[in-house]
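Since the structure comes first, as structure tokens, the remarks are kept for the end.
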Amino acid sequence: MRVAIAEDSVLLREGLARLLDDAGFEVVAQCENADDLLLKVRSYSPDVAIVDIRLPPTHNDEGLRAALEIRSKHPSVGVLVLSQYVELGLALKLLADSAEGVGYLLKDRISDVDEFVGALRRVADGGSALDPIIVSTLVSRQRPDDPLSQLTPREREVLELMASGASNQGIANALVITVRAVEKYVSSIFGKLGLPSTGSESRRVLAVLTFLRS
Amino acid sequence: MGASLQIGAGLATTAAVAPLGRRNVGLRPNLLALGAIAVVGCALPIRTAVIASTTNDVDLVQVALLDWITIPFVLAGLVAWWRRPDSRLGPLMIAGGFASGLSALQLTHVDALYTIGAVFDILPAAFFLHVCLAFPDGRLRSRFEQVLVVTAYSAAIGLQLVKIALGAFGTNSLIALGSWPSAAADVQHVQLLTISATCLAGAFVLVHRRRHAGRLRRHSLELVISSFAIGLVMIAALFVDGDLDGPAFQQLQRATLIVIGLSPIAFLVGLLDERLGRSAVGDLMLELRGEPPPRQLREALARALKDPSLTLAYWLPDFHTYVDLDGNPMELPQDGERTATVLERNGVPFAALIHDQALDDEPELLESVGAAAGISLENGRLQAELRARLVELKGSRIRVIEAGQKERQRLERNLHDGAQQRLIALSLQLSLLEQRLEAEPEIRAELDQARHEIALSLEELRDVARGIHPAVLTGHGLKVALESLAARAPFPVRLTVDLDQRLPERVEVAAYYVVSESLTNIGKHAEARDASIRVARTDSRLVVEVVDDGIGGADTEGGSGIRGLADRVEALGGRLRIWTPRGGGTRVEAEIPCA
């Protein structure tokens with residue numbers, strides 16, 4: 001699996017490269033800025049690009065713009081955006097068109113190597129990965145007549161994993177239950193929340209997120 | 001009233017000009033004027049007597065017409081000299097009058113007098129041109145005008161002497177060298193056409209000047225200029241007619257003399273009208289007694305000066321600049337159609353009248369108006385100073401807030417690129433290390449614990465950094481930043497952001513803090529079930545509204561949070577309002593200019 005990295009801190013960039021190398025990825029490009037990343041994505045067509053959201057020169061929105069550009073011009077390339085803050089507004093922007101092949105995680109997550117590598121593979125394969133912080137903040141919010149109160153604790157767990165982009169298999173692994181049981185929980189959750197059930201695992205991320213936000 | 005007055009534009013010039021009352025006067029006109037009147041009084045009867053005694057066929061009409069010119073010119077000249085000792089116009093008019101009187105001597109048969117009369121024959125025309133062009137301050141304004149006048153004098157004196165020498169005035173003339181009639185005729189031809197041309201050009205200059213004069217120039221001044229222009233055209237016509245031996249020379253000559261004699265009368269009427277202008281100062285004094293507010297002062301002064309375009313400038317020594325009544329800095333005009341008259345108190349400027357250039361002709365009026373308005377202008381100056389200080393205060397308030405903002409941004413950036421980045425890298429290193437130590441479960445557990453500590457530190461740091469400055473706002477704008485704020489609120493928030501582009505950073509930051517502080521307050525005190533945020537731009541204002549359905553009755557005085565918000569919004573010229581009826585929810589509304 002081929003990866004391109006855009007990160008302006010040398011320490012982190014090289015640490016990441018080593019981590020990915022160890023995990024069996026082929027790091028085809030290490031870039032300091034967005035322009036370089038776009039150029040290398042064009043030339044090497046990696047399976048996935050890891051993009052720091054704050055890139056030179058201004059450290060404002062260069063990273064995000066590069067990520068959105070890769071998503072529109074190279075839909076086959078997965079994009080995993082890393083940031084020291086995760087913002088719901090940016091998640092909605094990144095997932096606006098589709099949640100396929102896109103991830104948005106706190107930078108801290110890279111040190112949890114197994115999970116990070118799992119999320120990266122998922123994004124490279126066209127799935128999605130959304131930082132659990134975003135989902136848990138939204139889920140923990142108190143609502144009047146809270147529709148979430150109808151969910152069982154297990155269903156809540158499934159909901160959070162689902163909103164983070166986990167596949168049914170992933171949820172099954174995480175909760176140590178069968179895929180069939182996961183499917184049952186998912187359809188029960190969609191029924192209780194009044195959401196139209198969608199076939200695709202990545203499309204339901206946005207549906208759940210939108211539901212939680214409102 | 002200690003106010004004195006100076007004419008000039010800007011400080012440099014005013015400093016160089018002495019106040020009017022102590023103006024350096026080159027000539028004291030009183031004695032000379034009396035002398036001149038005496039000379040004229042004696043000279044005219046003597047001359048007429050000489051002419052009558054030496055001539056049989058004297059043309060008395062002609063003599064009377066020359067007196068008709070001489071007397072008004074000398075009298076008007078005396079008045080002008082007396083009123084404007086620093087202007088050369090008075091002496092010039094007197095000289096012109098004398099020249100005209102002397103030219104009548106050519107009607108005698110006494111050779112010496114006849115010669116003098118012959119020499120002065122054409123000169124009055126050149127004087128008249130000079131007076132016309134030098135009106136009203138005695139100076140010629142352009143090189144072109146100087147060339148015209150010098151040419152006219154040269155032709156009127158130089159060519160006249162040549163002509164007489166060639167015998168044009170017969171051999172009676174004492175300076176005739178012989179009789180060469182055709183050469184004399186040639187010289188006369190050149191002379192008359194030259195003077196005609198300069199007079200026509202002079203008339204053109206006057207017409208042009210009148211068309212470009214300020215709107216307020218008095219009708220009587222226009223009358224003077226018109227009569228000058230007509231006189232110049234008639235002289236030109238007369239000389240061409242004479243040169244070509246055209247028809248009705250005598251009638252034309254008389255008409256010309258009548259018109260030229262009328263122009264000093266128009267000049268005197270103009271002076272009288274200016275006197276009447278003084279009564280406007282009396283009206284002004286009455287009006288000022290009612291102590292009009294500074295805004296109405298300008299209108300009153302404009303009426304007194306008959307210049308609707310008048311503006312006032314106040315000198316603020318602390319700021320070292322002139323300002324308008326609202327305290328905005330302004331420059332005095334340096335040249336062109338506007339002139340500044342600087343008003344001083346004890347030698348220090350305190351205000352300036354900025355008026356049409358045409359008022360420069362009436363320094364006395366400016367002086368009286370300036371003196372009459374002294375105290376009222378001083379009040380206006382105090383008001384202008386107050387406003388200037390307010391403007392400055394407002395500016396420094398914005399600067400303080402912005403400097404604080406920049407500093408916060410810098411701190412956040414340092415945390416982000418420094419401590420946070422290093423901790424993440426450290427955590428990554430630990431986990432790589434951990435992977436190599438598969439055989440050492442105990443060490444692995446410790447490393448894992450260390451990573452967990454780092455994760456907690458990072459979380460705390462993240463909250464601190466976000467509190468210092470929301471980087472998402474700078475990077476991605478108000479809409480994205482508010483989306484995250486709303487998402488982090490512990491209660492449901494309906495967010496409507498109607499913005500199609502980024503706003504100035506200080507506006508975004510202020511709006512962000514209004515929402516952030518309001519949400520914090522709602523979370524702490526309001527016991528609200530939900531809240532709604534509405535952000536929209538209308539024209540040049542950003543309106544931010546945060547409404548909750550809580551218990552209301554919020555403390556808007558004690559909390560430093562609300563006070564700080566209001567400061568921030570007001571510093572940008574905006575307004576923060578809060579409605580918080582007990583039991584009726586709370587509504588915070590900020591309006592921030594963002595043009």
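Derivation of every value follows stated rules applied to the coordinates shown; laboratory data play no part. Model, not experiment: these values are computed from the prediction. In this analysis, Cβ positions are derived from the backbone assuming ideal geometry, glycine residues included, and neighbour counts consider all displayed protein chains.
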Result: in the protein assembly as shown the number of Lys pairs with C-alpha under 28 Å apart, spaced 8 or more or on different chains, is 16
Given points 7 Å out from each Cα along the Cα-Cβ axis, report the B:S532 to A:R180 separation in nanometres with one decimal. 4.8
Expressed as a whole-number percentage, the relative contact order of segment A:2-130 with C-alpha contacts under 8 angstrom and at least six residues apart is 21
Paramagnetic label zone (point 7 Å from Cα along Cα-to-C-beta, B:E453; backbone N under 11 Å) in segment A:104-119: none
Between B:N379 and B:N172, what is 0.36 nm times their sequence separation minus the Cα-Cα distance? Round to one decimal in nm. 67.0 nm
At R0 = 22 Å, FRET efficiency that the Cβ-Cβ distance of B:L390 and B:A280 yields, to 0.05: 0.05
Expected vector for segment A:57-71, Karplus 3J(HN,Hα) from phi with 6.51, -1.76, 1.60 and θ = phi - 60°, integer Hz, x for Gly and Pro, equals x, 8, 6, 9, 10, 4, x, 4, 5, 4, 4, 5, 5, 4, 5
Each label point is 7 Å from the Cα along the Cα-to-Cβ direction; what then is the distance between the points at B:F204 and B:E222, in nm? 2.4
Measuring from its Cα centre, segment B:341-403 shows a charge dipole (+1 at each Lys and Arg Cβ, -1 at each Asp and Glu Cβ) which, in debye to the nearest 20, is 780
Rel. contact order, % - alpha carbon contacts under 8 angstrom, at least six apart, segment A:135-213: 36
DSSP loop trypsin sites (Lys or Arg not before Pro) in segment B:123-197 with at most 15 other Cβ atoms within 10 Å of their Cβ, which ones? B:R139, B:R141
Just to verify a number: FRET efficiency for B:D539 and A:S214, C-beta to C-beta distance, R0 = 30 Å, to 0.05? 0.50
To the nearest 0.05, what FRET efficiency results for B:I265 and B:H109 with a Förster distance of 30 Å applied to their C-beta separation? 0.35
Have a look at B:C594, B:I265, B:L495 and report the one farthest towards the positive end of the charge dipole of chain B, computed about the Cα centre with Cβ charges (Lys/Arg +1, Asp/Glu -1). B:I265
